[in-house]
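Just so you know, all these numbers are worked out from the coordinates, no wet-lab data involved. None of these values were measured; they are calculated from a predicted model. Neighbour counts run over all protein chains shown; Cβ positions are idealised from the backbone, glycine included.
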Amino acid sequence: MDIENLKVDLKERLTQGRYEHTLRVTDTAIKLAKVFHESVENAEIAALFHDYCKCDSLEEMKQTIETDSYLPDSLLSFHHELWHGPVASVRIEEKYGVTNQEIKDAIFFHTTGRAKMTKLDKIIFLADYTEPGRSFPGLDEVRDTAESDLTKACYQAARNTVRFLMEKNNTVYPDSFHAYNDLNQQVFGGIKNG
């Protein structure tokens, strides 16, 4: 894949702010891939495409969800902020011929996470959460942890996200709960009481 041509396409497709975010996520993903011995190429491609459909109209994304058998209809019952990753995972195969399932999955789940996340899933999930342009409570803890423990940093990010959504009385997509529970078990070694 020609990365420079892809960046040109993205710059035309995304708003300036979203494009700059994408570049920061990509830089962060590359750093994480190097630290945690993951394919830098796969991390770069997944990060560049993670918000590929973020600026698409809701109607376009809804139509893709309704017509593509790979995408669960249940997405439509949750906030539209969750739609762009799954839709992008389908569209990049159609437009760019990306068939690497690990890359597509990392894009699909970059907002919600999921149970049994791969290392690439974790890197894209965390790169999107911790990129240098972000600023919100709890972020510094996650960034510090990400320097040495990928799984624990993802757990902290998932915990913060689920807590934030619940405090706002928002629905939480099931994969986000599954990610939190699975990461919790990986970090703490099983069921905790009290």
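A few remarks follow.
- Formal net charge of residues neighbouring Ala153 (Cβ-Cβ distance under 10 Å; K, R +1; D, E -1): -1
- Relative contact order, percent, the chain [alpha-carbon distance under 8 Å, six or more residues apart]: 20 percent
- The lysines within cross-link reach of Lys7, meaning a Cα-to-Cα straight distance under 29 Å and a gap of 8 or more places when in the same chain, are Lys31, Lys34, Lys54, Lys62, Lys95, Lys104, Lys119, Lys122.
- Quarter the surface of the alpha carbon convex hull of segment 29-82 and you get the mean projected area, 4.7 square nanometres.
- Summed residue charge, Cβ within 13 Å of Asn5's Cβ, Lys/Arg positive, Asp/Glu negative: 0
- Of every Cα-Cα pair in segment 9-153, the percent that sits beyond 26 Å: 20 percent
- For segment 1-70, convex hull volume per residue from C-alpha positions, Å³: 104 Å³
- Sum of -39500 (n - 2.57) over DSSP H runs of 4+, divided by residues of the chain (222 nm, nearest 500): -20000 deg cm²/dmol
- For segment 108-194, the square roots a ≥ b ≥ c of the C-alpha gyration tensor eigenvalues yield an a/c under 1.5, which makes the shape rounded.
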